[in-house]
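K.L.:
If you scroll down you'll find the structure; I have some questions about it.
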Amino acid sequence: MKSRTLSWAIRIVAVLLLAVGTGVLAQAPTPTHFSGLINDFSPETLSGKLVGPWEMHGTWSLDLKGRSGLADFSAAMTMELSDQAVASGVVSKGASGPIVATFNDPETRIPHTHHITMKDATVSYATGLCPAFAPPAPTNPGFVVTGMAGITGNGGPAPFSNNDTVLSMLQVCVNGGSDVPFSNVTLVFGSPASGHFGTQAIHGVVRRPKQSGSDDTDR
């Protein structure tokens with residue numbers, strides 16, 4: 001009798017431990033800090049003019065600011081004309097006149113940098129306007145951050161920013177799938193920045209979402 005009672009007691013404890021463990025997992029906090037990489041191309045033509053494609057590579061970071069419904073976003077990006085642009089003989093504006101892109105002179109690819117910052121942007125979980133992906137499409141809708149972004153060019157005002165007096169709308173979507181809930185990021189620029197980056201989604205990867213204040217030594 002004692003053996004049977006002990007057996008039932010062990011089973012009950014096991015069920016309770018499983019329930020507690022499942023509850024802990026279900027209540028795991030949502031990450032508040034996201035960072036990763038950007039790798040993509042701009043369109044070949046913008047407004048009917050041959051201008052690219054530009055190669056775009058960079059890093060990005062996003063912080064959700066608690067229950068405020070706000071977030072801060074930043075990115076650092078390099079750009080240069082792609083091989084396709086060079087083969088097409090894209091002509092860029094130079095300080096002393098037009099510059100024709102060539103394979104022999106890397107400087108004619110017009111390498112340059114952009115720093116992008118967005119403070120107190122709006123966070124939403126209504127992600128219906130986020131860009132679609134080719135299969136396999138993300139199944140976790142994630143969230144979207146929208147706001148006005150300041151953008152530099154080689155450390156100074158970007159040419160399209162009118163000496164830093166004009167900001168550009170920026171939409172940042174973060175989503176993922178069943179295996180990696182937060183795996184993808186997209187950036188979509190509005191005017192006037194879209195005249196340089198394009199209106200299409202710029203794609204990147206989420207490298208490591210984490211809770212603010214947690215260990216970040218392997219980033």
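K.L.:
I need the full set of residues from region 86-125 which are open to solvent by 50 Å² or more (accessible area, probe 1.4 Å), hydrophobic (A, V, I, L, M, F, W, C) and not in a strand (DSSP E or B), in order please.
P.N.:
Those that are open to solvent by 50 Å² or more (accessible area, probe 1.4 Å), hydrophobic (A, V, I, L, M, F, W, C) and not in a strand (DSSP E or B): Ala87, Ala95, Phe103.
K.L.:
Moving on to the next point. Does region 96-139 hold any residues that are among the β-branched types (Val, Ile, Thr) and touching a residue at least 24 places away in the same chain (Cβ under 8 Å), and which are they?
P.N.:
Thr108, Ile110, Thr113, Ile116, Thr117, Thr122, Val123, Thr127, Thr139
K.L.:
When you scan region 177-187, how many residues do you find that are of a type in the set (A, V, I, L, M, F, W, C) and either within 17 Å of Ser47 (Cβ to Cβ) or open to solvent by 40 Å² or more (accessible area, probe 1.4 Å) (or both)? Don't jump to the end; show me each part of the working.
P.N.:
Looking only at region 177-187, we keep the residues that are of a type in the set (A, V, I, L, M, F, W, C), and these are 180, 182, 185, 187.
Then drop every residue that is not either within 17 Å of Ser47 (Cβ to Cβ) or open to solvent by 40 Å² or more (accessible area, probe 1.4 Å) (or both), which leaves 180.
Of the residues in region 177-187, 1 are of a type in the set (A, V, I, L, M, F, W, C) and either within 17 Å of Ser47 (Cβ to Cβ) or open to solvent by 40 Å² or more (accessible area, probe 1.4 Å) (or both).
K.L.:
Out of all the residues in region 139-156, which are more than 11 Å from Cys173 (Cα to Cα) and among the hydrophobic types (A, V, I, L, M, F, W, C)?
P.N.:
Passing the criteria: Met148, Ala149, Ile151.
K.L.:
Can you work out which of the residues in region 57-78 that are polar (S, T, N, Q) and in a strand (DSSP E or B) is farthest from Gly147 (Cα to Cα)?
P.N.:
Among those residues, the one meeting the criterion is Thr78.
The values are calculated or read from the model by the stated rules, or taken from the named source; none is laboratory data. Computed from a predicted structure; not experimentally measured. With ideal geometry, Cβ positions are generated from the backbone for all residues, glycine too; neighbour counts draw on all protein chains shown. Areas reflect the complete protein model, heavy atoms only, side chains present, ligands, DNA and RNA absent. Shrake-Rupley method; radii C 1.70, N 1.55, O 1.52, S 1.80 Å.
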